[in-house]
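**Q** Sharing a structure with you now.
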Amino acid sequence: MDLTLQTPRFKVAYLAVCHETDSLLALKWLRCNSSQLLPLEYVALRSRCKTRFAAVGVFKTHSLSLSPCVGAGGWSPLVSDRYQWLEVDLGRRTQITAVATQGRYGSSDWLTAYLLMFSDTGHNWRQHRQEDSLGAFPGNSNADTVVQYKLEQPVIARYLRLIPLDWNPTGRIGLRLEIYGCRYTSDVASFDGSSSLVYRLSVRPSWMTMEIISLKFKTLKNSGTLLHAEGLRDHSLTLVLEKGKLLLYHQQGRPLVSQLSSSGGQLLVSLGSLLDDQHWHHVKLERLSTHVNLTVDKNTQQVHVPAELSHWHIHTSHGLQKPILSNRNFHGCMENLLYSDLNLIHLAKHNSPQGNVTFSCAEPVSVGVTFTDSHSFLQLPGLTSWSSGVASVTLQFRTWNKVGLLLTFDLPQQDGTVLLYLNSGCPSHLLSVTLENHRSDIHTHFSSGLNDGQWHSVELNFRQDHLSITVDKDEGATAHTSIPLPLTSHSQLFFGGCPPQTSSQDCRNPFKVFQGCMRLLTLDDQIVDLISVQQRLLGNYSHLQIDMCGIVDRCSPSHCEHGGRCTQSWSTFHCNCSNSGYRGATCHSSTYEQSCEVYKHKGNTSGHYYIDVDGSGPIKPQLIYCNMTEDRTWMVIQHNNTELTRVQSSLERNQHFAHFDYSSEEEQLAGIIGQSEHCEQELSYHCRKSRLLNTLEGSPFSWWVGGPGSGQVQMYWGGALPGSRQCACGLQDSCLDPSHYCNCDADYDQWTDDSGLLTHKETLPVRSLVLGDIQRPGSEAAYRVGPLQCHGDKNFWNAAFFDKETSYLHFPTFHGELNADISFLFKTTSSSGVFLENLGIKDFIRIELSSSSEVVFSFDVGNGPLDVRVETHIPLNDNRWHSVRAERNVKEASLRVDDFPAATQEAPADGLIHLQLNSQLFIGEEQEQKGFLGCIRSLQLNGVTLDLEERAKITPGVRPGCPGHCSSYGLLCQNQGRCVEKANGFSCDCGQSAFTGAFCHKEVSASLKSTTSITYILKEPYEPSRNSSALPSSIYSDITLRAENISLSFRTSQSPALLLHVSSFYREYLTLLINKHGEDTPAAFFVLCFSDGLDAELAGLTSLGFTGCLSGVRFNSISPLKAALLHPDSPVIVSGPLVQSSCVSSSPANPYAAETTHSLSVLIFFLWFPGVIAVVIFVTVSALVVMARFICSRKETYRNQEVKAAQPEDGHEFPFSSQADSPSAPSENQKEYFI
């Protein structure tokens, strides 16, 4: 039958029975611990539908069964809009576990989306959210199919309200509803701010490994003490509600609760937010040895507590020593207060609690209203009593937004408008009243921002020609103005916004939107009946949620990782990652690299770098010195004593203890050692009559502690094997006394040592050292524990080669529910292919090369598929390494390829946020996708490296490792350095370069005096007779060199000076000189070549030598200065002082500080006597004489054209001065030449 009601909304006062006529919906009572939603019994509660509202509507009621074959009817209001709802009164608080919906029988009426609200009182509704984000539930796609939603956490409530959001566009709102749940019982106590429950242990219990205190509470007050637990020796824990958050304090002694933060009470943890919302919140304290887990609703944090708190005496409300400020005591209700297996409220019913404790929960009714968006407003008419000119308006509000309109009304008599608005963005005035057209403002000041999510009160009092505004009463501020602001009965008040503008309404909102909650709106001390507003019986409104406050704290728990600071507005949050070492929307991704090896392959040289060994993982970045040599990259971790330390004998002590504190934390050390291919640490002991390890059978005199954590005692020394109780000499059979295994154990009265490297990673680092044989007269010792040094990054070079498109690797499911970052390197010649993929029931995540110049990151977390694309302007299938980094978090998804700009996609507001995957993670081909052909390297998921090589060893079609790195990194080798392939990476061979270092970038320079000479001997391809004055030219007819390459840098104040001189046994010469013409003429460079010997004047000049600094000397493929300094075994002869120095730096104490470094690059062509200089270089013995001294205060660069060789006939007209300038005179030529 059809029943016409006077409302489009209705309440079911009692629950109707399934399959009965005149039924509306069904409740199935279940076993709540059952894994399946099976009915336990049906409860027969039959009633007619009742209503409290007086609007016209239609309700159709028939027998109900959520089955496509049985039952009929359903709910269908007369008007289909978003202001309808279906409310169910379950008669008592019930544990609700699931709901199921179905369309109206035999119609086109069904819901496609809806909201669920719950309440204990029929007021103060709370919206149920999926994943704490998405509030909408998916509905039906037809009238017959049943769609069931099982609540992740059961909801305990008496009232349920279903609000339609969307419905079949060709039909109307239609619904059949079934609710699943079970009975709920509890013990409740109500506290009025002066009452408490105290539970003391009469007999000390036996030791329990775990103690648990749990309770539920609800309150409208934002402050109060919930719990106080006392342990031994006046140690105690106190759980305090402060500004809607729960704070756990530990204190020793008995401070007042109001003095916790100022009298030595230590704040252990803060958890929860907005807990003063008059909804039940679950709290649990678990003691596990010396740790306590605090859980508030679904969030848990662990803290350390002293051992004196191993047993507790429980106080609720306060139970502390008097006096206690009453506003610090808890005012509200508690439920199911349990201490282990004891129900304390149940026990209190049979005893006498302190104060006015009642065992029921009397809840005050507070009707709030939520302004959700820019279309939200509430319009109220003025009161008739306002004609006297005396009026007052008060309200309470809470918001996260800095700016928003609270109240506005028109003053037609004065042709003005009053605006009461929040302006927390301006520090000078946080809340303002502006009278427009009169240019008058009233500002109030407050100690903290009014957009902190707390309730704040505003009171406006109008007295004819006087207005006062008060914020937060006693705790806030008051401002006044004498401008008359008359309110009349015809005034219209607009709260939170304005309606769409019409000619009959004059409301202006320059702030566009107020998003927040209001409550306790009063006009002349009369509370506005917002339920009447909801029924359209009073005022007007739009886009409001009445009888609830929908504020959400998006920063509790914070999605900002790694110490990022969370701030928020009504609809979103922001993470400030400054000084955290991380970046991204949630501070998830590390700013730093994971090893020195990675820094090197980005072209960095030796220096201090921040290393984040686990990327986006929990380990903090650390500052480490990276020593990048030609063949290896070392990470050097210092400790507090790396110097050789002398130990004197002492009769007062038998042992010397040394503890080593490292610059890195324990987790950082473990991470570095674990990811490195090799680690070592020097351990040296210098001794004189001081024994070390004694014998294999006897107790050792000395030992050291090393390894992860606190370490373990080690009884071997540097250079030996773990557990051997030997030193390096014992392993090599080279000890001073063959009967001992360490040199120091010979106990000689002379200095000797046992030194070596500790190379077994499981025993590193060295944490402490104990030296025992130091008390005897004459005993002397010294020790040195060097820094920990590691090289090789197993993660960075972990690679696999996919040689078929059908090849793939599989790994366990990737768990990145809220934050997921994936990074890897790849190289390929293929134009497309899937790098990786992981699937769920509906969710998925995938990264693929979609074309030769585009990478796509695709995923779905339940809001629909989303693609993030990066297109490059260069091909990515060039068989070079390219990097990919994809990240997805609750705010956005991003993708970066190499150094191209990152692409980002914002996550939908209030969308699903959890990525739920359940299949294996596939690397390469998966059945429905095109596979990947090429190499993948250093694949990391949330900072954890997948071991591709180990999995590739047992997988057909995939090979471990991937050679060919010089194509990508070869350009890092500078100054004629040659890239050399290695199994894991590459190195730069600097053998043909005048430079050294990881990339042949480091200059080799020296300071020379005029008496210094370096002679480099070139081997001849043919050994001529040195007695013959000439050789047939036909012998060297195959030598066709026609040019010589000379490059060097120098610094000197000497002129004239010889830079380079080459001579052969055949009277052929090449000389590079510097000279200047007069005092004001800059120095010039002369390259002179002769085939018939030197004249006397030039010979005199070559004997002047060179004083200054010389670096980067290269003659064709020969680097004589580098050979003299770094390779003494090469065919080089050095005479005179030769000191390695640097030509690029200067010292104030240096007498040549005014000099400038000059660089020359000389390419000499020998077209007029081909082959002669080739004979000089390759056949005969040549000498290169160079002298230098370094000084510099500035550096300038000039580039000159190539200087060609002078003709022989011009060789006797050289413009040289025969007198050398004083070496101490500053150079007049402050230029750098490239010739």
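**Q** Could you tell me which of HIS815, CYS935, GLY840 has its Cα farthest along the dipole of the range 800-962 towards the positive end, charges placed at Cβ (Lys, Arg +1; Asp, Glu -1), taken about the Cα centre?
**A** The residue sitting most towards the positive pole is CYS935.
**Q** Rounded to whole Hz and in sequence order, give me ³J(HN,Hα) for the range 996-1011 from the Karplus expression 6.51 cos²θ - 1.76 cosθ + 1.60, θ = phi - 60°, writing x for Gly and Pro.
**A** Going residue by residue, I get 9, x, 4, 10, 6, 10, 8, 5, 10, 9, 8, 8, 10, 10, 5, 8 Hz, with x marking Gly and Pro.
**Q** Quick one: which residues, 5 or more positions from VAL1139 or on another chain, have an amide H under 5 Å from its amide H? H modelled 1.01 Å from N in the peptide plane, none for Pro or chain starts.
**A** Sorted by chain and number, the residues that satisfy this are SER1007.
**Q** Given a Förster distance of 45 Å, report the FRET efficiency between LEU165 and THR829 from their Cβ-Cβ distance, rounded to the nearest 0.05. Each step should come with its number before you reach the end.
**A** Working: r = 52 Å, r/R0 = 1.15.
Here the calculated transfer efficiency is 0.30.
**Q** Under the rule a/c < 1.5 gives rounded, and otherwise a/b versus b/c splits prolate from oblate, where does the range 800-962 land using the Cα gyration tensor?
**A** Here the range 800-962 falls in the oblate category.
**Q** How far apart, in nm, are two points set 7 Å out from the Cα along the Cα-to-Cβ line at ASP1129 and at THR629?
**A** Roughly 1.5 nm, to one decimal.
**Q** Count the net charge of all other residues whose Cβ sits under 12 Å from the Cβ of LEU383, scoring Lys and Arg as +1 and Asp and Glu as -1.
**A** With Lys, Arg at +1 and Asp, Glu at -1, the neighbours total -2.
**Q** Quick one: go through the range 558-573 and flag any residue whose amide nitrogen is under 17 Å from the point 7 Å out along the Cα-to-Cβ line of ARG129.
**A** Backbone N within reach: 558-560, 566-573.
**Q** Expressed in nm to one decimal, what extension gain is obtained for the pair VAL390 and THR145 from 0.36 nm per residue of sequence separation less their Cα-Cα distance?
**A** 82.1 nm
**Q** Between GLU780 and ASP803, with labels modelled 7 Å along Cα→Cβ, what's the label distance in nm to one decimal, could you check?
**A** Taking the two extended label points, one gets 6.5 nm.
**Q** Something else about it: Grab the other residues whose beta carbon is less than 14 angstrom from that of ASN461, score K and R as +1, D and E as -1, and report the net.
**A** On the way: positive: ARG463, LYS473; negative: GLU459, ASP465, ASP524, ASP525.
Its environment carries a net charge of -2.
**Q** Now for a different question. Counting only protein heavy atoms and using a 1.4 Å probe, what share of the accessible area of the range 800-962 belongs to carbon plus sulfur, as a whole percent?
**A** Using a 1.4 Å probe with all protein chains present, the range 800-962 comes out at 47 percent carbon and sulfur.
**Q** So, one more: In a shell of Cβ-Cβ distance under 12 Å around PRO138, excluding PRO138 itself, what net charge do Lys and Arg (+1) and Asp and Glu (-1) give?
**A** 0
**Q** Next up: If you stretched the chain out fully between SER851 and LEU288, how much longer would it get, using 0.36 nm times the residue separation minus the C-alpha to C-alpha distance?
**A** Computed gain between SER851 and LEU288 is 197.2 nm.
**Q** Let me ask something additional. Using r as the Cβ-Cβ distance of SER1117 and SER967, and R0 as 22 Å, what FRET efficiency do you calculate, to the nearest 0.05?
**A** 0.35
**Q** Using a simple charge model, +1 on the beta-carbon of Lys and Arg, -1 on the beta-carbon of Asp and Glu, nothing else, what dipole does the range 635-791 show about its Cα centre, in debye to the nearest 20? Working shown, then result.
**A** Numbers: 10 positive and 20 negative charges, 58 e Å.
The dipole of the range 635-791 has a size of about 280 debye.
**Q** Which entries of LYS216/LYS473; LYS221/LYS298; LYS804/LYS953; LYS602/LYS827; LYS827/LYS982; LYS473/LYS512 have Cα-Cα distances beyond 20 Å here? Mind dumping the intermediate values first?
**A** Details: LYS216/LYS473 31 Å; LYS221/LYS298 22 Å; LYS804/LYS953 15 Å; LYS602/LYS827 17 Å; LYS827/LYS982 17 Å; LYS473/LYS512 28 Å.
Over 20 Å Cα-Cα: LYS216/LYS473; LYS221/LYS298; LYS473/LYS512.
**Q** Write down the accessible area per residue of the range 635-791 in Å², having rolled a 1.4 Å probe over the full set of protein chains.
**A** The answer is 44 Å² per residue.
**Q** May I pose another question? Using R₀ = 22 Å, calculate the FRET efficiency as 1/(1 + (r/R₀)^6) where r is the Cβ-Cβ separation of GLN414 and ASN540; round to 0.05.
**A** The calculated FRET efficiency here is 0.35.
**Q** So, one more: Multiplying the sequence separation of GLN302 and LYS473 by 0.36 nm and subtracting their Cα-Cα distance, what value in nm do you get? Provide the component values of the computation, followed by the final result.
**A** Values: separation 171, 0.36 × 171 = 61.56 nm, distance 3.81 nm.
Using 0.36 nm per residue and subtracting the Cα-Cα distance, I get 57.8 nm.
**Q** So for the pair ARG200, HIS678, with labels modelled 7 Å out along Cα→Cβ, what separation do we get in nm?
**A** 7.0
**Q** Let me ask another. Enter the Cα centre distance for the pair the range 933-957 and the range 795-852, rounded to the nearest angstrom.
**A** 9
**Q** Sticking with this structure for a sec: For TRP167, enumerate residues with amide H under 5 Å from its amide H, sequence gap 5+ or separate chain, H modeled in the peptide plane.
**A** Residues meeting the criterion, in which the H sits 1.01 Å from N, are THR112.
**Q** Given a 1.4 angstrom probe, I'd like the percentage of the accessible area of the range 337-427 that is carbon and sulfur, rounded to a whole number.
**A** 53
The values are calculated or read from the model by the stated rules, or taken from the named source; none is laboratory data. The shown structure was predicted, so the numbers you read here are calculated from the model rather than taken from an experiment. Note: ideal-geometry Cβ built from the backbone for every residue, glycine included; neighbour counts use all protein chains shown. For accessibility, only protein heavy atoms count, side chains too; no ligands or nucleic acids. Shrake-Rupley method; radii C 1.70, N 1.55, O 1.52, S 1.80 Å.
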